[in-house]
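Down below is the structure, laid out as structure tokens.
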Amino acid sequence: MRKDKELRVNEHPILGSAEERPRVKIKVDDQWMEAIEGEPVAAALMASGKMVFRYTTRLNEPRGVFCAIGRCTDCMMTVDGIPNVRTCITPVREGMVILTQRGEGRWEGISFEKG
Amino acid sequence: MEKSSDRIVIAGGGIIGCAIAYYLGLKGVKSTVIERRDVGCEASSAAAGGLWPQAESSRPGMFMDLCLAGNAMFEELSRQLELDIEFRPSGLLHVVEDEQYREEAEKLMEWQLDSGLKVDWLDASETLKLEPSLSEDVMGSLYFPDDNHLNPLSLTRAFAVGAKKLGAEISTGTSVTGIKTVSGRVSSLVTDRGEIGADIIINAAGCWAGQVGAMVDMEVPVEPVRGQIILSEPLPPLFKRCIVTRDVYIIQKPRGNVVVGSTREFVGYDKSVTPEAIHLLHRGAVKAIPRLKSVSFIRAWAGLRPYTPDEIPIMGASDGPEGFLLATGHFRNGILLSAITGKLMSELITDGKASIPLEGYRLSRFLRGAEVERK
Amino acid sequence: MKKVELAVIGAGPAGLCAAIEGAKHGLQVTLIDENIRAGGQLFKQIHKFFGSGVHRAGIRGVDIGSQLLDETEKAGVEVMLDTVVWGLFEDKVLALVHEGRSTQLSAERIILAAGATENALAFPGWTLPGVMGAGAAQTMMNMHRVMPGKKAIMVGSGNVGLIVGYQLIQAGIKLELLVEAAPEIGGYSVHASKLARNGVKIFTSTTIKEARGDERVESAVTVSVDENWNPVPGTEREHEVDMVCLAVGLSPLIELARLAGCGFKYLSELGGHVPLHDEKMETTQPGIYVAGDIAGIDEASTAMEEGRIAALAAAESLGRLGGEEADALKKSARKRMEEFWDGSFGRRVKASKESLSVKE
């Protein structure tokens with residue numbers, strides 16, 4: 001995605017101009033996109049215009065960011081194969097694979113190593 | 001025994017009290033349940049919901065038969081009750097991890113087969129074939145196809161809702177404060193919200209049965225025993241059967257959450273959870289099902305179960321005032337025995353006689369024991 | 001099991017000040033927060049704080065945050081971030097989880113400064129993506145510099161609603177409308193007039209009835225309410241917006257105080273169930289203190305003073321501070337709080353706080 005299409009606050013009367021920060025690549029539902037190093041997954045997705053982070057188990061309703069501080073669990077997604085990750089408090093990492101979660105998620109990538 | 005004009009009051013709105021009200025209702029008899037807080041808010045809702053007459057029994061006899069009879073009721077009951085009680089005919093695997101334990105398991109299997117019950121020994125590969133999530137360290141398992149599970153909270157509510165529909169009154173937020181008698185008969189139950197005339201009072205107060213008994217100068221030897229449980233986040237289906245090991249039991253509930261229990265602690269009325277117990281339960285679960293290591297456990301709670309010295313419930317008439325009955329002390333079998341207790345108590349009240357004799361469950365067995373000891 | 005003298009839970013304004021004050025008086029302090037960064041909500045407060053000079057008034061929250069982090073480091077406080085406190089057991093044993101590993105920490109004194117959570121408001125469509133807490137919008141805009149939408153409606157005219165409303169504009173989001181169910185604006189008029197100057201419509205006696213949209217908010221329906229808070233039929237209006245911000249109050253995060261067995265009182269002025277505490281901020285559980293929003297919703301300025309008072313009391317109880325010195329320091333912190341409360345809002349808060357005293 002082009003940077004100028006991102007929903008970023010580049011200019012701000014109090015915070016000033018946003019400084020250029022290093023970027024990482026993340027994969028969201030099979031599509032690669034850029035994120036700013038260290039920002040939460042939820043922020044990166046919201047900047048790209050993505051609003052639906054998951055669909056609920058029983059009624060299949062869309063959910064997105066609600067509290068943004070790790071309390072409400074509305075923004076949970078499957079991150080690197082682990083479902084129910086609170087994306088608003090999970091920083092992006094280079095190569096991170098993020099899936100819109102349906103219900104409880106698929107638990108595919110989880111490392112079920114021996115206890 | 002019961003006259004149509006009899007006023008029946010049940011002290012305790014746990015699963016036992018609600019089941020009695022429900023079965024009385026089925027017989028067209030109205031009753032009033034008095035509950036200190038809310039329906040099923042103590043042991044009934046803290047339970048994991050295992051229905052395990054076979055895996056949990058150590059010997060044949062009267063009590064084992066009662067447990068089997070109770071268990072046999074749930075399939076029909078799950079159709080009969082209006083709410084979904086999440087009854088799952090799952091079966092149970094009693095996992096054996098070492099040689100010594102295997103010998104115990106073999107003895108258990110032997111007498112159960114002699115009693116005509118279904119139980120199978122599975123070797124390691126058969127066990128893992130049935131439940132591939134189990135640890136490969138398993139030596140084998142006893143398979144009990146008729147031990148199942150359900151949702152104890154839903155069952156309690158279903159009994160309460162059913163009882164209400166059949167005319168029972170359930171008075172929550174009401175504490176029993178006293179019992180009045182007139183010439184050796186109960187006459188009323190006194191609560192913090194008024195007095196209720198009663199011809200029959202049933203002490204179904206679980207861990208608080210001692211306090212209710214004391215109101216008629218009766219010693220009811222029921223004591224709380226704490227059990228702690230932990231619960232995982234919802235997971236996709238990991239295993240189907242109830243898993244019992246030497247350390248823990250593990251059930252995956254229909255919503256996907258995995259329940260791991262339990263402890264047995266004599267700590268009075270303290271319902272706190274402890275880090276040690278949470279750690280032990282978690283370790284036991286991961287040992288049995290290694291994949292649980294990577295999942296989050298999201299809740300821990302403790303419940304108090306009404307323990308009696310012989311771990312067998314106290315049911316039926318008492319030697320106290322006439323009209324004062326007991327149905328308490330179900331310890332670890334309250335959910336399993338709820339339906340049969342409700343049925344037998346309702347029979348005792350309406351017909352004067354239960355279809356399974358309750359003599360062996362009378363309170364007086366403890367009084368006799370006490371006398372013997374004194375001699 | 002690791003042992004510390006003072007464990008402070010929550011590294012917002014209250015927790016940071018408590019940790020600094022405790023360390024200043026010689027306590028071995030561990031400060032724990034579940035976030036990857038300390039500062040709590042300070043770093044999204046880009047407006048200037050109220051009060052007088054002693055309250056660091058006129059300084060923006062974000063700058064106070066930086067100052068406090070600096071002081072924390074200098075004071076030698078051990079800071080554990082990305083660490084969730086999932087249990088508080090007998091004898092002040094804390095259960096922590098960090099990177100998937102659970103450990104225990106035993107503390108002689110504990111200060112609970114867990115803060116608050118935003119209240120939600122239920123209406124048809126309230127779960128749609130695009131409906132969010134005002135604080136959530138603030139976090140996205142001011143901390144992560146992301147726009148959570150382009151056109152917004154704000155629900156609630158308390159200071160949070162008014163301030164965040166203005167911050168939406170600062171971030172380049174159009175604030176279409178602000179609604180308030182009460183007949184009057186709840187927050188300071190200085191904030192409200194800023195919005196008015198920017199052409200924002202403020203509708204009082206009006207609430208949100210519905211958020212509409214398929215996969216996200218596409219519009220919001222407002223409705224007037226009568227003096228009994230009942231919707232007035234026929235007054236519905238649909239507004240084309242893509243975000244709905246809820247500024248309908250905060251509730252103290254009291255889970256740990258509950259686990260600790262603290263006594264509580266319900267006070268709607270302070271956000272709900274609040275742990276009882278005395279003037280030293282000590283709860284009904286000896287050695288367990290509260291500070292900040294957990295002790296009743298108020299401003300960051302008073303949260304900081306409460307953190308200091310709690311730490312002073314903890315230091316005093318562990319013999320690190322003479323009674324006279326402790327009293328003098330607590331008194332001056334208390335005085336700064338009283339000065340801060342010297343307005344009509346503050347007086348209400350103060351009265352509620354006083355009714356929480358354990359001594360009653």
Give the calculated FRET efficiency between B:D38 and B:R365 to the nearest 0.05, with a Förster radius of 25 Å applied to their Cβ-Cβ distance.
0.15
Mean residue ellipticity at 222 nm from the helices of chain A, using -39,500 (n - 2.57) per DSSP H segment of n ≥ 4 over the full residue count, to the nearest 500 deg cm²/dmol?
-1500 deg cm²/dmol
Can you give the mean number of other chain Cβ atoms that lie within 10 Å of the Cβ atoms in peptide C:212-221?
2
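Hey, what's the protein assembly as shown come to in accessible area per residue, 1.4 Å probe, Å²?
Ligands and nucleic acids excluded, the result is 43 Å² per residue.
So what is the calculated 222 nm ellipticity per residue for chain C, using -39500 (n - 2.57) for each DSSP H run with n of 4 or more, over all residues, to the nearest 500 deg cm²/dmol?
My calculation for chain C gives -9000 deg cm²/dmol from helical runs alone.
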With a 1.4 Å probe and all protein chains left in place, how much of the accessible area of segment B:178-282 comes from carbon and sulfur atoms, in whole percent?
54
Can you tell me what share of the DSSP beta bridges in the protein assembly as shown is antiparallel? A percent to the nearest 5 is fine.
65
Summing +1 per Lys or Arg and -1 per Asp or Glu among the other residues with Cβ less than 13 Å from C:V84's Cβ gives -2
Could you calculate the FRET efficiency of C:E215 with B:D114 from 1/(1 + (r/R0)^6), where r is the beta carbon distance between them and R0 is 60 Å, rounded to 0.05?
0.45
Give the interface area between chains B and A as buried accessible surface, both sides summed, probe 1.4 Å, in Å² to the nearest 100.
1100
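So, with a 1.4 angstrom probe, what is the percent of accessible area on segment A:24-106 that is carbon and sulfur?
That share works out to 48 percent.
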Using DSSP H assignments, which helices in chain C have an axial alpha-carbon span of 18 Å or above and a mean Kyte-Doolittle hydropathy of -1.0 or higher?
C:61-75, C:300-317
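In what order, largest first, do A:S17, C:S205 sit by accessible area if the probe radius is 1.4 Å?
The most accessible residue leads, giving A:S17, C:S205.
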Can you pull the percent of Cα pairs in the protein assembly as shown with separation above 40 Å?
49
If packing is taken as the average number of other Cβ atoms within 10 Å across a peptide's residues, how do B:270-276, B:87-93 rank, most packed first?
B:87-93, B:270-276
Counting only backbone N atoms under 17 Å from a point 7 Å out along Cα-to-Cβ of C:D82, the residues of segment A:55-85 in range are A:70, A:79-82, A:85
In debye to the nearest 20, the charge dipole size for segment B:205-347, taken about the Cα centre with +1 at each Lys and Arg Cβ and -1 at each Asp and Glu Cβ, equals 1320
Rg over Rh [alpha-carbon atoms, Kirkwood Rh] for segment C:305-360:
1.04
What GluC sites (Glu not before Pro) in segment A:1-98 are in a loop by DSSP, with at most 16 other Cβ atoms within 10 Å of the Cβ?
A:E11, A:E19, A:E20, A:E37, A:E94
Return the ratio Rg/(2.2 N^0.38 Å) for chain B, where Rg is computed over Cα atoms only.
1.00
Can you tally the net charge around B:L235? Count Lys and Arg as +1, Asp and Glu as -1, for every other residue whose Cβ sits under 12 Å from the Cβ of B:L235.
+2
Take the Cα coordinates of segment B:206-277, assign each an equal point scatterer, and use the Debye formula without solvent to give log10 I(q)/I(0) at q = 0.23 Å⁻¹.
-0.98
P(r) of segment C:212-327 over all Cα-Cα pairs, binned every 5 Å from zero, in whole percent:
2, 10, 14, 14, 12, 9, 9, 8, 8, 6, 4, 3, 1, 0
On a straight-distance basis, which lysines could pair with C:K151 in a cross-link, Cα separation under 30 angstrom, same-chain partners fewer than 8 positions away excluded?
A:K3, A:K5, A:K25, A:K27, A:K50, C:K44, C:K48, C:K174, C:K194, C:K201, C:K209
Under 19 Å from a point placed 7 Å out from the Cα of C:H273 along the Cα-to-Cβ direction: which residues of segment B:247-282 have their backbone N that close?
B:270-274
In the full protein assembly as shown, how much of B:K27 is accessible to a 1.4 Å probe, in Å² to the nearest 10?
90
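What Kirkwood radius, in Å to one decimal, follows from the Cα pairs of segment C:191-269?
Mean inverse Cα-Cα distance, inverted, gives 16.0 Å.
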Take every residue in peptide A:56-63, count the Cβ atoms of other chains within 10 Å of its Cβ, and give the average of those counts.
3
Ordered by number, the residues of segment C:125-153 that have at least 50 Å² less accessible area in the complete protein assembly than on their own chain alone (1.4 Å probe) are C:T127, C:P129, C:M140, C:H144, C:R145, C:V146, C:M147
In peptide C:100-110, what is the residue-averaged number of other protein chain Cβ atoms found within 10 Å of each Cβ?
1
Loop-only check: which GluC sites (Glu not before Pro) in segment B:49-122 are DSSP coil with at most 10 other Cβ within 10 angstrom?
B:E82
A:D30 paired with A:E61, simple spin-label distance in nm, labels 7 Å along Cα-to-beta-carbon:
2.8
Placing one identical point scatterer on every Cα of chain C and ignoring solvent, what is log10 I(q)/I(0) from the Debye formula at q = 0.12 Å⁻¹?
-0.89
Summarise the accessible area of chain C (1.4 Å probe, protein heavy atoms) by the percent that is carbon and sulfur.
50
Expressed in angstrom and ordered largest first, the alpha-carbon extents of segment A:24-106 along the principal axes are 35, 25, 21
Give or take rounding to whole Å, what are the principal axis extents of the alpha carbon atoms in segment C:91-148, in descending order?
45, 27, 22
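The values are calculated or read from the model by the stated rules, or taken from the named source; none is laboratory data. Being a predicted model, the structure only gives us computed values, none of them experimental. Methodologically, a virtual Cβ is constructed for each residue, glycine included, from the backbone with ideal geometry; neighbour enumeration extends over all protein chains shown. Ligands, DNA and RNA are excluded from the accessible area calculation, which covers all protein heavy atoms including side chains. Shrake-Rupley method; radii C 1.70, N 1.55, O 1.52, S 1.80 Å.
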